[in-house]
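The values are calculated or read from the model by the stated rules, or taken from the named source; none is laboratory data. Worth saying up front: this structure is predicted, and the values here are computed from it rather than measured. Glycine gets a Cβ as well: all are built from the backbone with ideal geometry, and neighbour counts include every protein chain shown. For the accessible areas, the whole protein counts, side chains as well, though only heavy atoms, and no ligand, DNA or RNA atoms are used. Shrake-Rupley method; radii C 1.70, N 1.55, O 1.52, S 1.80 Å.
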Amino acid sequence: MENINQTSGFFLLGLFPPSRIGLCFFILIVLIFLMAVFGNLSMIILIFVDTHLHTPMYFLLSQLSLMDLSYISNIVPKMASNYLSGNKSISFIRCGVQSFFFIALAGAEGLILASMAYDRYVAICFPLHYPIRISKKVCMLMITGSWIMGSVNSCAHTVYAFNIPYCRSRTINHFFCEVPAMLTLACMDTWVYEYTVFVSTTLLIVIPFIGIACSYGRVLLAIFHMQSTEGKKKAYSTCSTHLTVVTFYYAPFAYTYLRPRSLRTPTEDKALAVFYTILTPMLNPIVYSLRNKEVMGALRRVILKFCSIEM
C-alpha cells in the first residue's frame, strides 16, 4: 500500500463524464460560476459605494456575498482547470487549503444566514426595538463571530483530516477535496472523527436552520395580522423565496454530513454538493438583492452618478 504524504497528493475524478453531455454540463457550470461572481461582486461594490445601503441588514448581505464569492471561487476554477487540461491531480497542500476554506466558509455562511434571518425577525416583529437589538456593534459581533467560529471549526477538521494516514488509492471520487470523500481512503477507523463531524454539523448547520425556520415562522405570523392585502402578498412571496434558497443550502449539506459513511454514495454526494457549493452562491444575490427595491434603487443611483461623471 502507498502511504500518502505531503509530497504525493491526490487525484480528483471530477464532476463531468468525458462525453458530449459532460461538456454541456461543464459549460453550464462555468456560466453559473460567472453569474455568481458577477452578482456577488456587484453586490459588494454597490453596498460599499451607496450610502443608503450602509445599514446592518445590507452589511450582513455584503458579508454573505463575500462568502459566496470566496466559496465558489475556491472550488470551480480548479475543477474547470482539471477538466480542460485532463490533469486530475491536486497537491497535498493545495487540497488542504481548499478543504480548509470550504469548511470555514460553509460554517460561516450557515451562521451569517441565521444572523440575517434574526435581523428580519427583529425588523418586522419588533420594529421599535430594532436600533437597539441590531446596533452596529451587535452586527459586527455577529459577523466576526461567524468568521471566527467557521475558521476555528475548519482548522480543527482540516488538521485532523490531513494528519491521518492515507494508504489506499489516491483517487478521490469527488470534484473537490471534501473531507467525507477523503476519509474513504484512510487506512484507520475514523468513527471518532465522523462523530465530531456530526456534532459540528449539528451546531453550525442544523441549529442555525432551526433558528431561521423559527424566525420566519414568527415573521409569517406577524404578516398574517397585517391589514394590507398587497403587503401580505409581497411579504409572503419574499419569505417563501428566502426559505427556499436557505433550504437549498442547508438541506443537502445536513443530509450529506449527518448520514453514516456506509449510507453514502459518491454519485449522490457529488450531486448534493453542487447545491451548496455552486447553485446557492449564484441564487443568493438574485433572491436577496435583485428582487429588492432598495438595491435596485441604489443601482440606478450609482449608474446615473457614473454616467454624469462620464459626461
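Can you tell me which residues in the range 113-136 are β-branched (Val, Ile, Thr) and either crowded, with 23+ Cβ neighbours inside 10 Å or part of a loop (DSSP other than H, G, I, E, B) (or both)? Selection gives Ile134 alone. The residue list Val152, Val219 contains one member that is surrounded by fewer than 19 Cβ atoms within 10 Å (Cβ to Cβ) and either part of a helix (DSSP H, G or I) or modelled with pLDDT of 85 or more (or both), which is Val152. Pairs meeting the criteria (first residue in the range 281-295 and modelled with pLDDT of 85 or more, second residue open to solvent by 60 Å² or more (accessible area, probe 1.4 Å), beta carbons under 6 Å, at least 6 apart or on different chains) are Met282/Met35. Of all residues in the range 139-170, which are more than 21 Å from Ala181 (Cα to Cα) and more than 18 Å from the chain's Cα centre (by Cα)? Of everything in the range 139-170, those that are more than 21 Å from Ala181 (Cα to Cα) and more than 18 Å from the chain's Cα centre (by Cα) turn out to be Cys139, Met140, Leu141. If you go through the range 179-199 and pick out every residue that is within 18 Å of Phe162 (Cα to Cα) and in a helix (DSSP H, G or I), you end up with 12. Checking each residue in the range 256-268 for being over 15 Å from the mean Cα position of the chain (by Cα) and hydroxyl-bearing (Ser, Thr, Tyr) picks out Ser262, Thr265, Thr267. So Asn163 fits all but one of (1) without any contact (Cβ under 8 Å) to a residue 40 or more places away in the chain; (2) in a helix (DSSP H, G or I); what number is the exception? Result: Asn163 passes all but (2). When both residues are 6+ apart or on different chains and their Cβ atoms are under 7 Å apart, which pairs have a first residue that lies in the range 205-216 and is in contact (Cβ under 8 Å) with a residue 12 or more places away in the chain and small (Gly, Ala, Ser), and a second that is open to solvent by less than 20 Å² (accessible area, probe 1.4 Å) and in a helix (DSSP H, G or I)? Note: pairs meeting the criteria are Gly211/Ala117; Ser215/Ala117.
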